[in-house]
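See below for the structure under consideration.
The values are calculated or read from the model by the stated rules, or taken from the named source; none is laboratory data. Note that the structure is predicted; figures quoted are calculated from it, not measured. All Cβ positions, even for glycine, are placed from backbone atoms using ideal geometry, and neighbour counts span all protein chains on display.
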Amino acid sequence: MNSGKTTPSSNSTQFHTVSHYTFFDGKPRWPENKRDLTYAFQPENQLSDDVKSVFTRAFARWSTVTELTFTMTDSYTDADLRIGFFVGDHGDGEPFDGVLGTLAHAFSPTSGRLHLDGDESWVVSGDVTASSLTTAVDLESVAVHEIGHLLGLGHSSVEDSIMYPTISSRTRKVDLASDDIQGIQELYGANPSYNGSSSTPSAQEGDTSGCGVNTLGSMWVLSGMLVSGFGLLWLS
């Protein structure tokens with residue numbers, strides 16, 4: 001993940017800082033009359049139910065704390081949020097670069113586009129921290145972060161937050177921190193059913209959170225300018 005992008009034609013993106021979390025310039029958000037956002041997957045990807053369930057869980061982490069809900073639809077062209085895996089140059093001006101480098105990028109409201117690099121070693125289930133692949137990337141960790149951008153959040157300076165701009169390889173980080181919750185609730189309000197005791201759905205067995213340097217992997221960093229994606233190199 002690198003950062004979010006306001007529009008496909010933007011040459012740069014400015015973030016408006018509030019506390020530790022940030023918003024895109026102009027504080028774009030989904031309109032008040034649209035609190036149930038639909039999402040769909042690129043039909044050509046022919047994703048398994050296991051992959052789709054990763055995104056269902058990722059969306060649920062944000063709906064738990066806000067008034068937003070997310071409904072999967074089969075209509076890719078009509079969906080508010082459109083998710084797809086692509087390789088190399090895929091027509092949005094931000095080509096992917098193969099294994100590691102940029103993992104994914106998302107566009108701020110109300111573009112609704114979330115693109116992931118199809119060349120990555122995505123881990124859909126199981127304990128990514130125990131993977132024998134040093135290039136292993138936890139799909140849900142990336143999805144939760146990118147959805148934050150789709151909803152209007154920029155990066156955070158709080159190290160434990162989902163929207164913090166770095167993560168190490170073979171790391172699972174899926175639980176919203178208080179900083180993420182404060183930021184998203186400033187945009188959309190709080191879920192009346194949320195009591196503050198648990199920010200997200202309960203973690204699966206074997207989950208570990210955090211974004212410290214993994215001695216067996218590479219540090220990824222998210223840039224704060226154009227697209228949202230993890231990378232081996234510092235991006236600007």
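Annotations
- Within segment 157-175, the set of residues being crowded, with 22+ Cβ neighbours inside 10 Å and hydrophobic (A, V, I, L, M, F, W, C) comprises Ile162, Met163, Ile167, Val174.
- Count - residues of segment 77-89 that are out of contact with any Ser or Thr (no Cβ under 6 Å at 6 or more places or on another chain) and crowded, with 16+ Cβ neighbours inside 10 Å: 6
- Residue match in segment 105-128 (condition: over 26 Å from Thr38 (Cβ atoms), β-branched (Val, Ile, Thr) and surrounded by fewer than 24 Cβ atoms within 10 Å (Cβ to Cβ)): yes
Here is a yes/no grid of residues against (1) over 19 Å from Val137 (Cα atoms); (2) in contact with a helix residue (DSSP H, G or I) (Cβ under 7 Å, 6 or more places away or on another chain):
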| site | (1), (2) |
| --- | --- |
| Tyr21 | yes, yes |
| Asn45 | no, no |
| His90 | yes, no |
| Glu94 | yes, no |
| Asp97 | no, no |
| Leu103 | no, yes |
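- Search result, residues across segment 24-65 that are in a strand (DSSP E or B), of a type outside the set (S, T, N, Q), at pLDDT 95 or above and within 30 Å of Asp119 (Cα to Cα): Leu37, Tyr39, Ala40, Phe41
The rows are residues; the columns are (1) free of Cβ contacts under 8 Å to residues at least 60 places away in the same chain; (2) touching a Phe, Trp or Tyr at 6+ places or on another chain (Cβ under 7 Å).
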residue	(1), (2)
Glu94	no, no
Leu133	yes, no
Ala143	no, yes
Glu146	no, no
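- Screening Val227 against (1) assigned to a loop (DSSP other than H, G, I, E, B); (2) closer than 20 Å to Phe23 by Cβ; (3) modelled with pLDDT of 95 or more leaves a single unmet condition, (3).
- Verdict on Ser3 being at pLDDT below 95, within 25 Å of Ile167 (Cβ to Cβ) and surrounded by fewer than 21 Cβ atoms within 10 Å (Cβ to Cβ): no
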